[in-house]
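Comments concern the structure below.
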Amino acid sequence: MSRRSWIQFGFLAAFWGASYLFIKVALEDVFEPPMIVFLRTALAALVLVPFALKSGALGALRGRLGVVAFLALLQVAAPFMLISFGQEHISSSLAGILVATAPIFTFLLAIWISQEERAHGVGLAGVGLGIVGVVLLLGIDAGGGAAALAGGLMVVLASLGYALGAYYLKRNLSGIEPVAIVAATMAASALFAAPVAAFSLPTAAPSLEAVASLTALGVLGTGISFVLFYSLIDTEGPAKATLVAYIAPGFAVVYGVVLLDESFTAATAAGLLLIVSGSWLAAEGRLPWQPKRASVPDGELAAGGIDVAPAGQADCGRDARADESVLESVDRLPA
């Protein structure tokens, strides 16, 4: 990648990894999970909608408001709510690690949903590693008894929502500019969260630290992060851009340990390694030293993915995994 792309990649991983820190700071102040979700998605929409309007991409969503609304509920509003409620009982670093299980759910769902993405040996091994990592973290590292276990399971369930949403998106909104879809789903999610948030207004004035955290969560951790992500997709391709999903959990752990004084045990390290490694193997279906799968002509379905190259920028020799759509890859992304 170019130097500019490496800088964008670094900021993207740092911003996404910080999302769990920002949520934790807001929760420990006066904000309830519904209000956090509403403010986060509303601020992200304010950042993304102008980009979508400028590109003229929003017009492609006419007549698909029901599809957009269901996607927003399945892949944004509900997962964000689950993560926020879950973080009331678990650390930010643990939440960041558990969200990385999304590719494992994608792999398992493919057994029933996607004929092109059926299980293979290496992928199955990755699923096994990831499950062991989840059990290790929830059974040993979470602490706090039943409440912590419930919180961890909420975050894992949010990852299932990401995976389900990716398949729904692929089947119903393929061929539409990603920035338009994300802008619309963020706006719809803010509308979904607004009525619930109205019943969870802060009972006292929030601290400057909490306000700054929520602003950073919406603008940096959600809105600008997606802008950076799509910029990397355009310049470097989906395969390289989505690798950020395996770097962000490391940032989440560093932030939690350094800034929130969260514990980092041997079980945390082992769980992080198992989940991230297992997710990569499940998503890629190959060992790191093995070559990627054969290339396909531009625009054709590749390994269940769809082409997202802008018109007139065909590259007939792209790798099948590199040709994978960012829409399909949303399931790999941090919260």
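In the stretch 128-173, the inverse of the mean reciprocal separation of distinct Cα atoms equals 11.9 Å; this is its Kirkwood hydrodynamic radius.
Only lysines eight or more places from residue 54 in sequence, or on another chain, were considered; none has a Cα closer than 16 Å. In order along the stretch 63-69, phi translates into HN-Hα couplings of x, 10, 4, x, 5, 4, 5 Hz, rounded to whole numbers, per the Karplus curve 6.51 cos²θ - 1.76 cosθ + 1.60 with θ = phi - 60° and x for Gly and Pro. Under 5 Å from the amide H of residue 262 lie the amide H atoms of 257, each residue being 5 or more positions distant or on a separate chain, with H modelled from the backbone and absent for Pro and chain starts. Listed by chain and number, the lysines whose C-alpha is less than 19 Å from the C-alpha of residue 24, apart from same-chain residues fewer than 8 away, amount to an empty set. For the listed peptides 203-211, 94-102, a ranking on the average number of other beta carbons within 10 Å per residue, highest first, reads 94-102, 203-211.
Annotation for residue 88 and residue 205: the two label points, set 7 Å from Cα along the Cα-Cβ direction, are 2.6 nm apart.
With a Förster radius of 30 Å applied to the beta-carbon distance between residue 53 and residue 258, the computed FRET efficiency rounds to 0.15.
Note on residue 292: lysines with a C-alpha under 25 Å away, same-chain residues under 8 apart excluded, are 170, 240. 3J(HN,Hα) couplings calculated from phi for the stretch 208-218 with the Karplus curve 6.51 cos²θ - 1.76 cosθ + 1.60 (θ = phi - 60°) are, in sequence order, 4, 4, 5, 4, 5, 5, 5, 4, 5, 4, x Hz; Gly and Pro show x. Gain on full extension, evaluated as 0.36 nm per residue between residue 289 and residue 124 minus their Cα-Cα distance, stands at 57.7 nm. Each of residue 273 and residue 131 was given a label point 7 Å from its Cα along the Cα-to-Cβ line. The distance between the two points is 2.2 nm.
Laboratory data are not the source of any read-out in this text; all were calculated from the coordinates shown. Keep in mind that this is a model prediction, so the values were computed, not measured. Methodologically, a virtual Cβ is constructed for each residue, glycine included, from the backbone with ideal geometry; neighbour enumeration extends over all protein chains shown.
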